[in-house]
């Protein structure tokens, strides 16, 4: 009763709003979709600082963020997380838009998602390869021979190829994976795939695939190959099926972790979450053409 009497006289102050910022490596459409899901999940708009894909600018921003008294920092992008982990050790951090955090210094062992830097947790969102295979088999059950180009000089590309090979074997598919380190090598491998019996080709979500994607999509338009696109940065006709991450849903997943930290949980106690929500789009017109091609089949 005494507290109730004193409070109006003293003037009760509401709890100050939590200070939350987003550090983004590059404000791509995918990053914007993650931020949209994050803001909807938290029920507020968030200030965003962007490195613009520039390492020096990213380092400068991280140094500034390390001195701010933030209740939470949300980090988007693998490069942004690699910059954040060694410099920010006290501010609670939630990361997203990171396929594999175990090569960033923020987390240590994929087999133990609970083993990570004490102030950091987040959402690992590898490409939805399993869903791409499942959807492809559903639409084209008779086409069992799949193809993939990968860059052996890029660790992420090689790892994706190995993962897809394992999934294809589990699905009863035959995967023809061909290495290519340059655009000319990719074009040569691509031209050879139909003669090697390949029926379906998957475009992986990596930078290198953009060098040959236009030619592959043209083969898809000509119905020489079934093309399944897994790269959200490639937008063009020719892929009968597109299976990419649902970045909005990734943002919502990150928001759930952020809410837990803002409620007082410690990031050290929260294992890294692996989530690959898929967004599936079918080119119905191209699919209809495939249904009657070749004639009589």
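Overview of values
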| read-out | value |
| --- | --- |
| Residue list for the stretch 263-297, filter: under 30 Å from residue 70 (Cβ atoms) and in contact with a strand residue (DSSP E or B) (Cβ under 6 Å, 6 or more places away or on another chain) | 267, 270, 272, 273, 274, 275 |
| Residue within the stretch 170-186 that is at pLDDT 95 or above, part of a helix (DSSP H, G or I) and within 28 Å of residue 292 (Cα to Cα) present | no |
| Sole exception among (1) farther than 23 Å from residue 155 by Cβ; (2) in contact with a helix residue (DSSP H, G or I) (Cβ under 7 Å, 6 or more places away or on another chain); (3) not in a loop (DSSP other than H, G, I, E, B) for residue 118, by number | (3) |
| Tally of residues being touching a helix residue (DSSP H, G or I) at 6+ places or on another chain (Cβ under 6 Å), buried (at least 19 other Cβ atoms within 10 Å of the Cβ) and at positive phi across the stretch 74-106 | 1 |
| Hits in the stretch 84-103 - residues which are modelled with pLDDT of 95 or more, over 13 Å from residue 273 (Cβ atoms) and part of a helix (DSSP H, G or I) | 84, 85, 86, 87 |
| Residues located in the stretch 31-72, provided they are closer than 16 Å to residue 98 by Cβ and in a helix (DSSP H, G or I) | 31, 33, 34, 35, 37, 38, 58, 62 |
| Residue within the stretch 107-114 that is surrounded by 23 or more Cβ atoms within 10 Å (Cβ to Cβ), assigned by TED's automatic domain parsing to the domain that holds residue 79 and touching a strand residue (DSSP E or B) at 6+ places or on another chain (Cβ under 8 Å) present | yes |
| Strands (runs of 3 or more DSSP E) wholly inside the stretch 193-256 containing at least 2 residues that are free of Cβ contacts under 8 Å to residues at least 40 places away in the same chain | 226-229 |
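The values are calculated or read from the model by the stated rules, or taken from the named source; none is laboratory data. Bear in mind that the values here come from a model prediction, so they are computed numbers and not experimental data. Heads up, the Cβs are rebuilt from the backbone with ideal geometry, glycines too, and the neighbour counts pull from every protein chain shown.
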